[in-house]
Ligand SMILES: C[S@@+](CC[C@H](N)C(=O)[O-])C[C@H]1O[C@@H](n2cnc3c(N)ncnc32)[C@H](O)[C@@H]1O
């Protein structure tokens, strides 16, 4: 399936974006086979299997409220929106440049009110009273490389009682099992429950997915 074209040429933001894309491609640890959000064909990004697999695992319901953390160019947002009818997605990214690109890519879904975008670091994001059925992150280092305590506090506050968190991660030179162990450690040490662990080899990378449930709220003490 072809996605709406992304214009790379017009305006200052696009010039910045080109530099970011260049840097991502040539300096990120994902610079080899599993480099990008998708394959750039002409002026389009065609999503790769890593993202398609993640959206399949996420399996967004038509009416669900969904949160993406670190949406980057918004490739997964497009694929989630394609499955929504009256559901909605909120996507946050700490990079204003990425949010600009994601908005441009998802202009139709943004105009329809199906997708909303916030430039924010998750740990300090103001998500108001929003409650999500599912939250997910793809390749966001905060969950794989350090203790994500601050991020998980925000997510526990904004997941609905039956809500679930889906963390997808891959890193060149690391097996899916190793990545899954790191994701699980961050989840467990913050009193969340690991519900499932999935691994796949896609686009030349080992990808791990951990599905987790937040801690149950402590019942108010009886007087
Ligand atoms: C490696 S890119 C992955 C982009 C996209 N999810 C993908 O898989 O192609 C990580 C993205 O997450 C964003 N990010 C990293 N940590 C974040 C945080 N704590 N809160 C919000 N965004 C974050 C970065 O700005 C970047 O756009």
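The values are calculated or read from the model by the stated rules, or taken from the named source; none is laboratory data. Everything quoted here is computed from the prediction, not taken from an experiment. Virtual Cβ from ideal backbone geometry, glycine too; neighbours counted across all protein chains shown.
Matching residues to (1) assigned to a helix (DSSP H, G or I); (2) closer than 22 Å to residue 162 by Cα; (3) near the ligand (Cβ under 9 Å from one of its atoms):
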{"residue": "63", "(1), (2), (3)": "no, yes, no"}
{"residue": "67", "(1), (2), (3)": "no, yes, no"}
{"residue": "78", "(1), (2), (3)": "yes, no, no"}
{"residue": "91", "(1), (2), (3)": "no, yes, no"}
{"residue": "99", "(1), (2), (3)": "yes, no, yes"}
{"residue": "117", "(1), (2), (3)": "no, no, no"}
{"residue": "123", "(1), (2), (3)": "yes, yes, yes"}
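Tell me which residues, restricted to segment 129-149, are out of contact with any helix residue (DSSP H, G or I) (no Cβ under 7 Å at 6 or more places or on another chain), at pLDDT 95 or above and part of a loop (DSSP other than H, G, I, E, B).
Going through segment 129-149, the residues out of contact with any helix residue (DSSP H, G or I) (no Cβ under 7 Å at 6 or more places or on another chain) turn out to be 129, 133, 139-141, 145-146, 149.
Filter again for at pLDDT 95 or above, leaving 129, 133, 139-141, 149.
Listed by number, the residues that qualify are 129, 139, 140.
Which one of these does residue 152 not meet: (1) in a helix (DSSP H, G or I); (2) touching a residue at least 60 places away in the same chain (Cβ under 8 Å); (3) touching a strand residue (DSSP E or B) at 6+ places or on another chain (Cβ under 6 Å)?
Just one mismatch for residue 152, condition (3).
Please find, within segment 101-115, the residue that is farthest from residue 66 (Cα to Cα) out of those that are in a helix (DSSP H, G or I) and free of Cβ contacts under 8 Å to residues at least 24 places away in the same chain.
As a first pass, look at segment 101-115 and keep what is in a helix (DSSP H, G or I): 101-105, 107-111.
Keeping just the survivors that are free of Cβ contacts under 8 Å to residues at least 24 places away in the same chain gives 110-111.
Working: 110: 14, 111: 17 Å.
Filtering segment 101-115 for residues that are in a helix (DSSP H, G or I) and free of Cβ contacts under 8 Å to residues at least 24 places away in the same chain, the one farthest from residue 66 (Cα to Cα) comes out as 111.
In segment 183-197, what count of residues is obtained for those that are closer than 20 Å to residue 154 by Cβ and outside any loop (DSSP other than H, G, I, E, B)?
The initial filter retains those residues of segment 183-197 that are closer than 20 Å to residue 154 by Cβ, namely 183-195.
Subset that is outside any loop (DSSP other than H, G, I, E, B): 183-188, 193-195.
Adding up the residues that qualify gives 9.
Might you check whether a residue that is more than 16 Å from the ligand (Cβ to nearest atom) and out of contact with any strand residue (DSSP E or B) (no Cβ under 6 Å at 6 or more places or on another chain) occurs anywhere in segment 130-138?
Here is the first cut: in segment 130-138, the ones more than 16 Å from the ligand (Cβ to nearest atom) are 131, 133.
Remaining after also requiring out of contact with any strand residue (DSSP E or B) (no Cβ under 6 Å at 6 or more places or on another chain): none.
For segment 130-138, residues more than 16 Å from the ligand (Cβ to nearest atom) and out of contact with any strand residue (DSSP E or B) (no Cβ under 6 Å at 6 or more places or on another chain): absent.
Those residues that are crowded, with 17+ Cβ neighbours inside 10 Å, at pLDDT below 95 and not in a strand (DSSP E or B), I need them from segment 198-215; list them, please.
The one that is crowded, with 17+ Cβ neighbours inside 10 Å, at pLDDT below 95 and not in a strand (DSSP E or B): 203.
On the given criteria, is residue 73 touching a residue at least 60 places away in the same chain (Cβ under 8 Å), under 16 Å from the mean Cα position of the chain (by Cα) and either within 11 Å of the ligand (Cβ to nearest atom) or part of a helix (DSSP H, G or I) (or both)? Working first, answer last.
Details: touching a residue at least 60 places away in the same chain (Cβ under 8 Å): yes; under 16 Å from the mean Cα position of the chain (by Cα): yes; either within 11 Å of the ligand (Cβ to nearest atom) or part of a helix (DSSP H, G or I) (or both): yes.
For residue 73, the condition - touching a residue at least 60 places away in the same chain (Cβ under 8 Å), under 16 Å from the mean Cα position of the chain (by Cα) and either within 11 Å of the ligand (Cβ to nearest atom) or part of a helix (DSSP H, G or I) (or both) - is met.
For segment 155-182, give me the residue count where each residue is touching a strand residue (DSSP E or B) at 6+ places or on another chain (Cβ under 6 Å), within 21 Å of residue 130 (Cβ to Cβ) and not in a helix (DSSP H, G or I).
Result for segment 155-182: 7.
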